[in-house]
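So the structure is just underneath, and the comments pick up after that.
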Amino acid sequence: MTSVALPIADSAAPSSRPAACRLGDCAAGASATVVSLACGESEACRLRALGLVEGSTVNVVDQRHCMLLDVRGARLALSHAITNGITVVPARG
């Protein structure tokens, strides 16, 4: 009887997709794709009207007193409380 070696999945292997995180955790200069908005319905509606929708790409311009974002060519300044409720997937690179 011959033995056959089966490949073992390595749980430490890097994932093909970056892990999702809060937008508030992204550093200045980072680019990310919006996955979800976890805030009040009126806030989510307003953010979507401003172009911050699921699937859109955001660039973090600055994050001193608030987070300054570039969204579809427009600049948005959001509080850290709001950006901590936005889930994103950081761009590779």
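What follows is calculated from the coordinates using simple rules that are stated; it is not laboratory data. Predicted model, so just to flag it, every value in this text is computed and none were measured. Cβ coordinates were reconstructed from backbone atoms using ideal geometry, including for glycine residues, and neighbour counts include every protein chain displayed.
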- Query: How large is the charge dipole for the stretch 25-65, taken about the Cα centre, if only the Cβ atoms of Lys, Arg (+1) and Asp, Glu (-1) carry charge, to the nearest 20 debye?
  - Reply: 100
- If R0 is 25 Å, what FRET efficiency do you get for residue 35 and residue 65 from their C-beta distance, rounded to 0.05? 0.50
- Query: So, in nm, how far is label residue 50 from label residue 25 when the simple model puts each one 7 Å beyond its Cα toward the Cβ?
  - Reply: 2.3
- Note on the structure: Honestly the stretch 19-93 on the Cα gyration tensor test (a ≥ b ≥ c root eigenvalues; a/c under 1.5 rounded, otherwise a/b vs b/c for prolate or oblate) is just rounded
- Ranked highest first by the average count of other Cβ atoms within 10 Å around their residues, in what order do 32-38, 42-48 fall? 32-38, 42-48
